[in-house]
Amino acid sequence: MNDKVNVRMCTVCRNMHPKNKLLRIAKINDSVVLDKNYKSGGRGLYICSEECFKKATENKKVSRAIKFFIDESLFEEALEILNGKR
């Protein structure tokens, strides 16, 4: 049996969380997507909570980390996902 828990760091608060409790945002080629299955390739980052996501949008930390502009509709979809997880 594999008892190993994959952990990742939240881009905003820098705390470690189990991977399946985080929201992954990935840049694939020239588009940015919400990676709900955690299997998309490309450069990605993880957000742990709605609070961290709001901080990231206020200071544009997400856009800088992924080096690509993320449109408002993607932010709204991400907030819906984070609210559904809690």
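I'm checking my understanding of the structure. Among residues of the range 77-86 that are over 10 Å from the mean Cα position of the chain (by Cα) and at pLDDT 80 or above, which one is most open to solvent (accessible area, probe 1.4 Å)? Looking at the filtered set, the residue picked out is GLU80. Scanning the range 40-73 for residues that are modelled with pLDDT under 80 and charged (D, E, K, R) yields GLU58, LYS60, LYS61, ARG64, LYS67, ASP71, GLU72.
Taken over the range 31-44, the criterion of being under 18 Å from GLU72 (Cβ atoms) and either touching a residue at least 12 places away in the same chain (Cβ under 8 Å) or under 12 Å from the mean Cα position of the chain (by Cα) (or both) is satisfied by VAL32, VAL33, LEU34.
Please enumerate the residues belonging to the range 25-51 that are among the charged types (D, E, K, R), open to solvent by 20 Å² or more (accessible area, probe 1.4 Å) and touching a Gly at 6+ places or on another chain (Cβ under 9 Å).
The initial filter retains those residues of the range 25-51 that are among the charged types (D, E, K, R), namely 27, 30, 35-36, 39, 43, 50-51.
If we keep only those that are open to solvent by 20 Å² or more (accessible area, probe 1.4 Å) too, we end up with 27, 30, 36, 39, 43, 50-51.
Answer for the range 25-51, where residues must be among the charged types (D, E, K, R), open to solvent by 20 Å² or more (accessible area, probe 1.4 Å) and touching a Gly at 6+ places or on another chain (Cβ under 9 Å): just LYS27.
The values are calculated or read from the model by the stated rules, or taken from the named source; none is laboratory data. Predicted, not measured: the structure shown is a model, and the values here were computed from it. Heads up, the Cβs are rebuilt from the backbone with ideal geometry, glycines too, and the neighbour counts pull from every protein chain shown. Note: areas computed on protein heavy atoms with side chains; ligands, DNA, RNA excluded. Shrake-Rupley method; radii C 1.70, N 1.55, O 1.52, S 1.80 Å.
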